1. In debye, nearest 20, what is the charge dipole magnitude of chain A about its Cα centre with +1 on Lys and Arg Cβ and -1 on Asp and Glu Cβ, if you could check?
2. For the pair A:ASP58 and A:ASN27, what calculated FRET efficiency results from E = 1/(1 + (r/R0)^6), where r is the Cβ-Cβ distance and R0 = 30 Å, to the nearest 0.05?
3. Where does each of B:83-96, A:11-24, A:62-75 land if you order them by average Cβ count within 10 Å, highest first?
4. Ranked highest first by average number of other Cβ atoms within 10 Å, how do B:69-77, A:87-95 line up?
5. If each residue's Cβ is checked for other Cβ atoms within 10 Å, how do B:ILE111, B:ILE46, B:ILE60 rank with the fewest at the top?
6. Taking just the C-alpha trace of chain B, give me its Rg and Dmax in Å.
7. Might you report the magnitude of the Cβ-based charge dipole of chain B about its Cα centre, with Lys and Arg at +1 and Asp and Glu at -1, to the nearest 20 debye?
8. Give the lysines whose C-alpha is closer than 30 Å to that of B:LYS14, dropping any in the same chain fewer than 8 places away, or say none.
Amino acid sequence: QKEVEQDPGPLSVPEGAIVSLNCTYSNSAFQYFMWYRQYSRKGPELLMYTYSSGNKEDGRFTAQVDKSSKYISLFIRDSQPSDSATYLCAMKIAGGGNKLTFGTGTQLKVEL
Amino acid sequence: DGGITQSPKYLFRKEGQNVTLSCEQNLNHDAMYWYRQDPGQGLRLIYYSQIVNDFQKGDIAEGYSVSREKKESFPLTVTSAQKNPTAFYLCASSRQGNQPQHFGDGTRLSIL
C-alpha cells in the first residue's frame with residue numbers, strides 16, 4: 001500500500017463548478033501538507049502549504065486537512081479552463097531532511 | 001526574476017553514455033533536490049543536498065550521481081548504470097527547515 005493515495009482521474013467538470021480533490025495517507029507522522037499544480041510539460045507550482053488541521057483559504061482555493069482521518073482536500077471554486085492541469089498532493093514529517101512524499105496526481109479538465 | 005532554471009529542456013542519451021542535467025537557482029536557497037517523474041507514479045526523490053559540498057541519497061539513487069560545489073548549482077548525472085533512464089527530471093530548492101519546495105520546469109530525457 002502506498003503511503004499517499006490519490007485518485008488519478010481524469011476528472012472533468014463544467015466551467016464554474018466547485019472542484020474537490022483529495023488525498024489519503026497512512027503515516028500519522030506527516031505534519032506538513034502541500035498542493036501543487038502541474039501543467040503539461042512544466043514543473044509543479046506550489047498552490048497551498050498547510051501545517052495544522054483545519055482550513056486555509058487563498059483566493060479561489062481552499063485546502064483542508066483532517067489529521068484524525070488522515071485525509072486532505074483541495075477545493076477550487078468557480079473553476080476556469082485555465083485550472084485544467086494535474087494536481088499533486090505532497091506531505092512531509094517535521095524535520096526529516098525536508099523529504100516530501102507525493103501522491104500520483106489527479107488530472108483535472110475544466111470544460112467551457 | 002528569481003527562480004530555478006533547468007537545462008536542457010529535452011535530452012537524448014545513447015546506450016552506454018553518461019549525461020548531465022543542469023539545475024541553477026537564484027533564490028538563495030540552501031537545499032536542493034532532484035526528482036524523477038514517471039507516468040502514473042508520484043515524484044520520486046533521487047538525491048538531495050542541504051548544504052554546499054554535502055548531499056544524501058534519496059529513494060532511487062542507483063545509477064545517478066550529483067555534486068554540490070556551489071550553492072546555486074546542483075547538477076545531476078545519469079550514468080550508463082541507470083538502465084531505465086527515460087523520464088521527466090525535476091529539480092527543486094527550498095530554504096532550510098520545514099519550508100516548501102519550489103520546482104524548475106524539468107528536463108525530459110529519452111533514449112536514442
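Bear in mind that the values in this text are calculations on the coordinates, not laboratory data. All figures in this text were calculated on a predicted structure; none of them were measured in a lab. A quick note on method: Cβ atoms are made from the backbone with ideal geometry, for glycine too, and the neighbour counts reach across all protein chains shown.
1. On the way: 12 positive and 11 negative charges, 75 e Å.
Here the size comes out at about 360 debye.
2. Numbers: r = 26 Å, r/R0 = 0.86.
Efficiency computed from Cβ-Cβ geometry: 0.70.
3. Details: B:83-96: 18.8, A:11-24: 15.3, A:62-75: 17.1.
Sorting B:83-96, A:11-24, A:62-75 by mean packing, highest first, produces B:83-96, A:62-75, A:11-24.
4. Values: B:69-77: 16.6, A:87-95: 20.7.
Per-residue mean Cβ counts within 10 Å order the peptides as A:87-95, B:69-77.
5. On the way: B:ILE111 11, B:ILE46 26, B:ILE60 15.
Fewest to most other Cβ atoms nearby, the residues stand as B:ILE111, B:ILE60, B:ILE46.
6. Spelled out, the Cα radius of gyration and Dmax of chain B are 13.2, 40 Å.
7. On the way: 12 positive and 11 negative charges, 47 e Å.
That gives a dipole near 220 debye.
8. Result set, ordered by chain and number: A:LYS42, B:LYS57, B:LYS70, B:LYS83.
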